[in-house]
Amino acid sequence: MIENYINELIGDTSINGQLSVLLGKLFTILIVVLIVFVLQRIIGHALEKLIKKIIKGEPALSGADENKRENTLIQVSVGTVKVVLWIVAGMMILSEIGVEIGPLLAAAGIVGVAVGFGGQYLIRDLISGLFILLENQYRVGDVVSLGTVSGTVEKINLRLTILRDLDGVVHHIPNGEITVASN
């Protein structure tokens, strides 16, 4: 059954022809994965240098504050780039193995519209998170009070802020629900 599927997919019924096509596809997939890893390194390094250069230009920040802000922005930027690169690589790999990605992209567009209507809280969290980072309201390592919860900021991303309070309890706070932030 699998052999028949491969024969239909490849169109060449000889074993040597099938193997060469299969190896060609595997080689292409391997190249795509390698390129993604290399691009992650290059873009991550470039983003890190760019962010450090931009942050160094702000005289109002102390050295420790500068490092905290740099690390937070680097973490969010590199994470976003990784997700985008792997989505593109996944589409390329699916296309290489014979899956039509046109319908997948159309379905993603329809899902995007549905999420746009139904995901108002998600969008609000993402926009609030972006402004928290851009306005430098707080950084990883700061001790903050977010409404009724106080603690040390362990992680910030575009969707939520993670705090650990003095009792060791970890709080996950969606950025869209933060109305008052005291640093």
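The values are calculated or read from the model by the stated rules, or taken from the named source; none is laboratory data. Please read all numbers here as calculations on a predicted model, not as lab measurements. Virtual Cβ from ideal backbone geometry, glycine too; neighbours counted across all protein chains shown. Heavy atoms of the whole protein, side chains included, go into the accessibility calculation; ligands, DNA and RNA do not. Shrake-Rupley method; radii C 1.70, N 1.55, O 1.52, S 1.80 Å.
May I ask you to derive the relative contact order of the chain, considering only C-alpha pairs under 8 Å and at least 6 residues apart, and to give it as an integer percent? The normalised contact order for the chain reaches 16 percent. Loop exposure criterion: GluC sites (Glu not before Pro), DSSP state outside H, G, I, E and B, at most 16 other Cβ atoms within 10 Å. Applied to the chain, the longest stretch between such sites is 1-99.
For the chain, the normalised intensity computed at q = 0.11 Å⁻¹ comes to -0.69 (log10 of I(q)/I(0), Debye sum over alpha carbons, equal scatterers, no solvent).
Our helix-only sum for the chain, with -39,500 (n - 2.57) per DSSP H run of n ≥ 4 divided by its residues, gives a mean residue ellipticity at 222 nm of -22500 deg cm²/dmol.
In debye to the nearest 20, how big a dipole does the chain give about its Cα centre with +1 on each Lys and Arg Cβ and -1 on each Asp and Glu Cβ? Write down the numbers at each step before the final one.
Values: 14 positive and 17 negative charges, 106 e Å.
For the chain, the charge dipole is close to 520 debye.
Available extension along the chain between T28 and A108 is 26.3 nm, counting 0.36 nm per residue and deducting the alpha carbon span. For F131, the accessible area of its heavy atoms, probed at 1.4 Å with every protein chain present, is near 100 square angstrom.
Rounded to the nearest 0.05, the FRET efficiency derived from the C-beta distance between I123 and K52 at R0 = 30 Å is 0.50.
Between H171 and S95, what length in nm is gained on full extension when 0.36 nm per residue of separation is reduced by their alpha carbon distance? Don't skip to the end; give the middle numbers.
On the way: separation 76, 0.36 × 76 = 27.36 nm, distance 4.11 nm.
Taking H171 through S95 to full extension adds about 23.3 nm, to one decimal.
Residues whose amide H falls under 5 Å from that of K155, counting only those 5 or more places apart or on a different chain, are I162, with hydrogens built in the peptide plane.
Mean projected area of the Cα convex hull of the range 89-135, taken over all directions, amounts to 4.4 nm². When only Cα pairs below 8 angstrom with a gap of at least 6 residues are kept, the range 74-177 shows a relative contact order of 20 percent.
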